[in-house]
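These notes concern the structure reproduced below.
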Amino acid sequence: MTPIQIPNKLPDVGTTIFAVMTQLAQAHGAINLGQGFPDFDPPLALQQALTQAMVDGRNQYPPEAGILALRQQIALKSERLYGRQVNPDTDITITAGATEALFLAISSAVQAGDEAIVLDPCYDAYVPMLQLQNARVLRVPLRLPDFSVDWQRVRDAVTAKTRLIIVNTPHNPSGAVFSPADWDALAVIIRDRNIVVISDEVYEHLVFDGGAHHSVLRHPELAERSYVLSSLGKTYHCTGWRAGYCIAPPALSAQFHKLHQFTSYSAFGPAQWAFADALARAPEHYLQLPAFYQASRDRFRALLQGSRFKLLDVPGGFFQIVDYSAIRDIDDRSFSEWLVREGGVAAIPLSAFYETPPDARLLRLCFAKRDATLVAAAERLCRL
C-alpha cells in the first residue's frame with residue numbers, strides 16, 4: 001500500500017516549547033513557571049454568572065460577532081480607559097481566545113507574497129501564522145537589555161511589499177511597554193503606505209509602578225488602521241475559557257468577519273454573558289489588576305534576592321526575565337531542561353521567542369501564581 005502523503009505546511013515547526021516544558025514539569029514533579037497562566041481561580045462572581053447563564057438557557061450559538069451586551073461593555077471600557085469611541089455594532093468581534101483573533105487578523109491583513117514585520121523576540125504564534133499565509137516575515141530585533149524598539153531599523157525593513165507590522169505591549173516575553181513616542185514613530189513610518197498594524201494588547205491591564213497602558217486606541221491615526229487584540233481570559237484569570245476579542249475599524253472588521261464565520265463562527269456563549277455581567281457590575285476588577293499583579297511581581301523579586309539569578313526590570317505583563325549566567329554557562333534550552341530535572345522548576349528559554357537568539361543567558365518565569373507557589377519555586381531557585 002502506498003503511504004499517505006499530505007503537505008507539510010509548517011516544516012520547521014515542531015511541538016511548542018510551552019508544551020515541551022509543561023510535559024517535562026509533569027514528568028519530574030517540577031513547579032511550572034513556564035506556561036503563562038494563573039494557578040488561581042477567576043472571580044467567584046464571574047463563575048456564578050457563568051453558571052447562571054447556562055441555567056438561563058444561554059447554551060446555543062451566540063451571534064458571530066458576539067452578544068451585543070458584551071460588545072457594548074467592551075466599547076464602554078475602551079472609551080473609559082483610552083478615550084476611543086468604538087462602535088459595538090461594527091468594530092468589535094468576540095473570538096475563541098486572543099489566539100484566534102490573531103490568526104484572523106493576520107489572515108485578513110496579508111496574502112501570499114506580502115511582507116510582514118515582527119519585533120524579535122515575539123510571541124511564538126506570530127511567525128507560523130504568517131507562514132501559513134505564505135507571507136514573507138522580516139524580524140527586527142529589539143534592543144537589550146530593555147527590549148525597546150529601534151524604529152530606524154523598522155523603517156529600514158519596510159519595502160513596497162510590506163503590508164503588516166505586528167507589535168505587542170506590554171510585551172511577551174519581556175514586559176516592556178510602549179510609550180506615546182513609540183506610537184508616534186510607528187505612525188510616521190507607515191503614513192501614506194498601505195500597511196496595517198496588529199497591536200497585541202492581551203496584557204493591557206498589567207502595567208506597573210504608576211505607568212499607563214498606551215493602547216494604539218489612544219492614537220487616532222493608527223487606530224484607523226489597526227487590529228487591536230485583547231484577552232478576557234487573561235484579564236479574568238480563566239485562560240481555559242478561550243475568550244478574546246478584536247477591535248478594528250469597519251473596513252478591517254468586515255474582512256475579519258468573513259473569515260471568522262468559517263473558523264469557530266462564535267466563541268463560548270455562556271461565558272460571553274458572564275463577561276458582560278462582570279464588566280458591567282465590577283469594572284474595579286480590571287482597574288485593580290495593575291496593583292494585584294505588581295504585588296506578585298514585587299513578592300517574587302524579593303524572594304529571589306537570595307538567588308544567583310540577575311533580575312531584569314519588569315514594567316508590565318506577568319513574566320520575570322532572569323539572567324542565569326552566574327549559575328551555568330550553557331545555552332538556555334539546555335539550562336531550562338537542567339533546571340526542571342535538578343532544580344524542580346520549569347521556565348521558558350528566551351531563545352524560543354527568537355529567530356536568531358542573542359548571546360545571552362536568559363529565562364522567562366511566570367509570576368501569575370499563588371503566594372505558596374511563588375514561595376516554593378523561589379526556595380528551589382535560591383538553592384541553585
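Of a type in the set (Ser, Thr, Tyr), surrounded by fewer than 22 Cβ atoms within 10 Å (Cβ to Cβ) and either at pLDDT 95 or above or closer than 12 Å to Gly317 by Cα (or both), is that true of Ser179? Yes, satisfied.
Within segment 131-160, how many residues turn out to be part of a strand (DSSP E or B), among the β-branched types (Val, Ile, Thr) and closer than 18 Å to Gly175 by Cβ?
0
The helices (runs of 4 or more DSSP H) found entirely in segment 164-237 that carry 1 or more residues being more than 24 Å from His285 (Cα to Cα) are 180-190, 220-223.
Does Gln320 satisfy the criteria of being more than 26 Å from Ala101 (Cβ to Cβ) and surrounded by 21 or more Cβ atoms within 10 Å (Cβ to Cβ)? Criteria met by Gln320.
Residues being over 20 Å from Pro121 (Cβ atoms) and touching a helix residue (DSSP H, G or I) at 6+ places or on another chain (Cβ under 9 Å) are entirely absent from segment 165-179. The listed residues are Leu50, Leu76, Leu70, Leu81, and the only one of them that is surrounded by fewer than 18 Cβ atoms within 10 Å (Cβ to Cβ), assigned by TED's automatic domain parsing to the domain that holds Leu132, in contact (Cβ under 8 Å) with a residue 24 or more places away in the chain and not in a loop (DSSP other than H, G, I, E, B) turns out to be Leu76. Take segment 22-63 and flag every residue that is under 26 Å from the mean Cα position of the chain (by Cα) and of a type in the set (Ser, Thr, Tyr). Thr22 - this is the single residue of segment 22-63 that is under 26 Å from the mean Cα position of the chain (by Cα) and of a type in the set (Ser, Thr, Tyr). Regarding Tyr61, is this residue among the aromatic types (Phe, Trp, Tyr) and buried (at least 18 other Cβ atoms within 10 Å of the Cβ)? Answer is no for this residue. Within segment 202-228, residues that are under 13 Å from Leu81 (Cα atoms) have Cβ atoms under 8 Å from residues that are in a loop (DSSP other than H, G, I, E, B) and aromatic (Phe, Trp, Tyr) in these pairs: His214/Phe178, counting only partners at least 6 apart in sequence or on another chain. If only residues of segment 97-130 that are part of a loop (DSSP other than H, G, I, E, B) and either β-branched (Val, Ile, Thr) or crowded, with 22+ Cβ neighbours inside 10 Å (or both) are counted, the one that is farthest from the chain's Cα centre (by Cα) is Val110. It is to be established whether one or more residues within segment 290-298 are surrounded by 15 or more Cβ atoms within 10 Å (Cβ to Cβ) and under 20 Å from Arg84 (Cβ atoms). Yes, segment 290-298 contains a residue that is surrounded by 15 or more Cβ atoms within 10 Å (Cβ to Cβ) and under 20 Å from Arg84 (Cβ atoms). Residue under question is Leu289, and the condition is that it be farther than 29 Å from Val110 by Cα, in a helix (DSSP H, G or I) and within 17 Å of the chain's Cα centre (by Cα); does it hold? The answer is yes for Leu289.
The values are calculated or read from the model by the stated rules, or taken from the named source; none is laboratory data. If you're wondering where the values come from, they're calculated on a predicted model, not measured in any experiment. Positions of Cβ are generated from backbone atoms using ideal geometry, with glycine treated the same way; all protein chains shown enter the neighbour counts.
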